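Worksheet: the structure to be examined is printed underneath.
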Amino acid sequence: MTKLSRQAHSGTGTWRDGLVVKLMVGKQGVVYRISPWIVLASLLLLGAGARTLASNQNTREQALKTRIAELEEEKRQAHTFLQRKEREKKQALALAQMRSEELWEELRARDQQMDQIWKVVGKHPSSSHSKTRRSLNSSRSRTHPLVLKRRYLELQKALHGDDGELKQLRTAAISYHKEQVRQARLALWNTQPTLWPCEGYFSSPFGYRIHPVLGYARFHSGCDIAASTGTPIYATAAGRITNADYLGGYGLAVTIDHGAGLSTLYGHCSAVCVKNGDYVRKGQLVANVGSTGMSTGPHCHYEVHQNGAQIDPAPFMQHRR
Ligand SMILES: [Zn+2]
């Protein structure tokens, strides 16, 4: 154990004696005498050190204050930045919502058009179609950024291609159009005389000729197809029977009204198998070849009338049955 004690002989000695230090090491005592100059120098050094320390402390405090001010400024700037970002985000969200609503309106208008086409085409939109539209229309949390983004993307997808329903509708509309054209063509073909009235050979054309019975030039109002008695005569187009009886020089004759101002006449028949007012299909049996009326031999006298006027039947005789 070490014990340190200090003793100044202020009573007996002068300041010139300096500082006397007595150290006790164990039971032995050691006395040190320190020069007053050294004490003074030490005191001066201590004072200088304290002053330096204080000055350093002051500088550090000043630096800390500056740093705090800097940080405060940084914090203020960060706050302003955040506020601006928040404002921008709100604006972007409002814009996205507006665009989303616009897209929805666009889609709704197009869906209405689609529904009309569906009605015309005679089909119904699939349930998935309306389900998708309902989900897109759901007002539930429509303003949530994630929901808004999803809805926006789906709306865009629905509007710009990649819409199965639209493709289906397009296909349906095309096939509908094709079917309409086909039916119109069929209707036209049905009511347009295109057939030969009977088997046989073309014996006399439409126009002026020497009449075989009367012996002088006379207008021939149709064309003749020579065939043996009893050969079937078919309606050259669908229509309504307007005559199925004797008709002057035509003998036993059949007249069919095909609509659109067109009608056909079949003369010199031996028999008729339709009656006035009947509707006949194209190619349906209506009479048999004969030689009734003003005729020299069995043949079918075939006439085509357009708005009451007799016209050349040859262009209408396109197909034999
Ligand atoms: Zn004739």
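When you filter the chymotrypsin sites (Phe, Trp or Tyr not before Pro) in the range 252-321 for DSSP loop state and at most 11 other Cβ atoms inside 10 Å of their Cβ, nothing is left.
Fully extending the segment from Gln183 to Arg67, taken as 0.36 nm per residue of separation minus the present Cα-Cα distance, adds 32.7 nm.
Is the shape of the chain rounded, prolate or oblate, going by the alpha carbon gyration tensor and its root eigenvalues a ≥ b ≥ c, with a/c under 1.5 for rounded and a/b larger than b/c for prolate? Judged from the Cα gyration tensor, the chain comes out prolate (a/c at least 1.5, a/b above b/c). For a straight C-alpha distance cut-off of 19 angstrom, the lysines reachable from Lys157 (same-chain residues fewer than eight places away being disregarded) are Lys131, Lys149, Lys167. Maximal additional length on extending the Ser228-Lys90 stretch stands at 40.2 nm, based on 0.36 nm per residue less the C-alpha distance. GNM on the chain, alpha-carbon springs under 10 angstrom: the most fluctuating residue among Gln91, Gln284, Gln77 is Gln77. The alpha-carbon of Lys65 sits under 18 angstrom from the alpha-carbons of these aspartates and glutamates, leaving out residues fewer than 8 places away in its chain: Glu73, Glu74.
Among residues other than Arg321 with Cβ under 13 Å from its Cβ, the summed charge is +2 (Lys and Arg +1, Asp and Glu -1). Mean projected area of the convex hull spanned by the Cα atoms of the range 54-114, taken over all viewing directions: 4.4 nm². Comparing mean-square fluctuations of Lys282, Lys27, Lys149 from a GNM of the chain with C-alpha springs under 10 Å, the top value falls on Lys27.
For the range 201-316, the relative contact order is 30 percent, taking Cα pairs closer than 8 Å that sit 6 or more residues apart in sequence and dividing their mean separation by the residue count. Taking all protein chains into account, the per residue accessible area for the chain stands at 67 Å² (1.4 Å probe).
Legend: calculated FRET efficiency, Ile311 to Gln168, from the Cβ-Cβ distance at R0 = 56 Å, rounded to 0.05, equals 0.75. The helix-only estimate of mean residue ellipticity at 222 nm for the chain, built from DSSP H runs of length n ≥ 4 each weighted as -39500 (n - 2.57), is -16000 deg cm²/dmol after division by the residue total. Between the Cα long axis of helix 145-159 and the first principal axis of the chain there is an angle of about 20°, rounded to the nearest 10. Highest GNM mean-square fluctuation among Ala48, Ala253, Ala237, for the chain modelled with Cα contacts below 10 Å: Ala48.
Using a probe radius of 1.4 angstrom, the carbon and sulfur fraction of the accessible surface of the range 175-284 is 57%. Helix 127-137 axis versus longest C-alpha principal axis of the chain: approximately 40°, rounded to the nearest ten. Taking 0.36 nm per residue of separation and subtracting the current Cα-Cα distance, fully stretching the chain between Met98 and Val213 would add 32.4 nm.
From Cα pairs below 8 angstrom and at least 6 apart in sequence, can you work out the relative contact order of the chain, rounded to a whole percent? The value is 12 percent. Between the listed residues Ala187, Met98, Ile68, the Cα displaced farthest toward the positive end of the dipole of the chain, a dipole computed from Cβ unit charges relative to the Cα centre, is found at Ile68.
The values are calculated or read from the model by the stated rules, or taken from the named source; none is laboratory data. What you see is a predicted model; the values in this text were computed from it and never measured. Because the Cβ atoms are built from the backbone with ideal geometry, glycine has one as well, and the counts that use them run over all protein chains shown. Side chains are part of the model used for accessible areas, which takes the heavy atoms of the whole protein and leaves out ligands, DNA and RNA. Shrake-Rupley method; radii C 1.70, N 1.55, O 1.52, S 1.80 Å.
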